[in-house]
Every structure is written in C-alpha cells, then in structure tokens.
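Participant: First the structure, then my questions, so here it is.
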Amino acid sequence: MTPALDETPKPASAPTLTALFMGFLSVGLMGFGGVLPLARRMIVEEKRWLGAAEFTERLALCQFLPGGNVINLSVAVGLEFRGWGGAVVALLGLTAAPTTLAVALGALYARNAHDPRVQHLVAGLAAAAAGLLVATALKMLIPLRGNLRALAVVVTGFAAIALLRLPLLPVMLTLLPASVLLMRGKPS
C-alpha cells in the first residue's frame, strides 16, 4: 500500500466486537439491494477502520473469493481486527436484518409480481442500484490514480467482462497472475 494514496486517518484503537456488529448491521439495514457503496462509506469514511487503498485491496481479494463480495469483506475486516469472533459478529451484523427482510419481501413480491406498479418500483430500484455501483467504482479508482499498471489491469478487466462479455472466472484467473507479475517490483 502506498501511504501517499491512502491518507485516511485511522482510529486510535481497533473496533470492538460491538462496534463491528453495529457497523455492519447499519450497512445491512441501510443498503438493502446493494451494500458496497455503504460498506465503503462506513469502513473508510465514517469509522476509518481502513484507508481507501486498504479497502480497495481487501475488496479485490474478496471479489476473487467465492461468495458475496461484501459478505467476504465483512468477514475479512472482522477477522483482521478481532479474530474469528470479529469475523462472526461482522457477518451476523451484515446479514441478520437483510435476510429477515428478504424473506418477508420475497413472499410479498411473489404475491404481487404482476402488478405494474410493483414492476415499475423494481425497475427504479435497479436504476438506483446501478448508479450507486458506478459511484463506488469511481471512488475506488481514486487510490489508483497515477498507477498506470493498476489502471491497465482495471481497463483490461472491464473490457474483458463488460465489453467482450467473457466469463468472470477465466478473466479473474488470467488477470490475477498477470497483475501480480505486472506489479512485482513496484514499491508498496
């Protein structure tokens, strides 16, 4: 990690188990349908548990692992600060309320899916979620500014997946060793 690119001040001490649970619970409650932007804001900007570059590095690893990116991220952050107990409470905080809401809303949607008002509501939610995702992606690029090697990997990954519509797993399995080789020898 390059200190100059990661200027987020850190808290004086590691978050407690309660702070991890409550932080991820708030993300899970507020970010129904897409929590990455809210998770980044909470972890980097509000709680300052990680700097911007650290967040981007952790998320990159979590995206490569199977499972949900933010779920993996909650486990990684909890594990880093409070070991296995932190991983468990961060995961529970993130997933408890959304799981309950998803089951309830799923049952409600199943009964009303053909209602045009419900279809318009879902279309609007999808547009808002896409906008949040684009905004977060742009924020995640900030720590990479000036790092042409890293930006080349970003552009290659975007082109392969979004433009060429190549499958994610082969792209990641190709980009992972390529990016390691490309970044080797670069001061961190």
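The values are calculated or read from the model by the stated rules, or taken from the named source; none is laboratory data. Computed from a predicted model, the values in this text were never measured in an experiment. Positions of Cβ are backbone-derived with ideal geometry, glycine not excepted, and every protein chain shown enters the neighbour counts.
Participant: Go through the stretch 76-116 and report how many residues are under 14 Å from MET22 (Cα atoms) and of a type in the set (A, V, I, L, M).
Facilitator: Residues in the stretch 76-116 being under 14 Å from MET22 (Cα atoms) and of a type in the set (A, V, I, L, M): 10 in total.
Participant: Across the stretch 26-68, what is the number of residues that are more than 12 Å from the chain's Cα centre (by Cα), aromatic (Phe, Trp, Tyr) and modelled with pLDDT under 90?
Facilitator: Looking only at that region, the number is 1.
Participant: Give the residue that is surrounded by the most Cβ atoms within 10 Å (Cβ to Cβ), with candidates limited to residues of the stretch 141-179 that are β-branched (Val, Ile, Thr) and within 21 Å of the chain's Cα centre (by Cα). Outline the logic, then answer.
Facilitator: In the first step, residues of the stretch 141-179 are kept if they are β-branched (Val, Ile, Thr); the result is 142, 153-156, 161, 171, 174.
Now restrict to residues that are within 21 Å of the chain's Cα centre (by Cα): 142, 153-156, 161, 171.
Details: ILE142: 11, VAL153: 19, VAL154: 16, VAL155: 10, THR156: 16, ILE161: 15, VAL171: 17.
Checking each candidate, the answer is VAL153.
Participant: Here's something else I'd like to know. Look at LEU182 and say whether it is modelled with pLDDT under 90, within 23 Å of LEU29 (Cα to Cα) and out of contact with any strand residue (DSSP E or B) (no Cβ under 9 Å at 6 or more places or on another chain). Don't jump to the end; show me each part of the working.
Facilitator: On the way: modelled with pLDDT under 90: yes; within 23 Å of LEU29 (Cα to Cα): no; out of contact with any strand residue (DSSP E or B) (no Cβ under 9 Å at 6 or more places or on another chain): yes.
When the stated conditions are applied, LEU182 does not pass them.
Participant: Give the stretch 43-73 a look and list any residue that's of a type in the set (D, E, K, R) and in contact (Cβ under 8 Å) with a residue 40 or more places away in the chain, or say none. Even if it seems obvious, please write down each step before you answer.
Facilitator: Quick first cut of the stretch 43-73, residues of a type in the set (D, E, K, R) only: 45-48, 54, 57-58.
Within the stretch 43-73, ARG48, GLU54, GLU57 meet the criteria.
Participant: Still on this structure, please answer the following. For a quick check of your reading of the model, give me the residue pairs whose first member lies in the stretch 162-173 and is farther than 19 Å from ALA130 by Cα, whose second is hydrophobic (A, V, I, L, M, F, W, C), with beta-carbon atoms closer than 8 Å and at least 6 apart or on different chains.
Facilitator: Filtered contacts from the stretch 162-173: LEU166/ALA160; VAL171/ALA160; VAL171/ILE161; MET172/PHE64.
Participant: In the stretch 50-78, which residues are over 24 Å from ALA97 (Cα atoms) and small (Gly, Ala, Ser)?
Facilitator: GLY51, ALA52, ALA53, ALA60
Participant: For the stretch 74-127, how many residues are touching a residue at least 24 places away in the same chain (Cβ under 8 Å) and farther than 17 Å from MET30 by Cα?
Facilitator: Here the count works out to 7.
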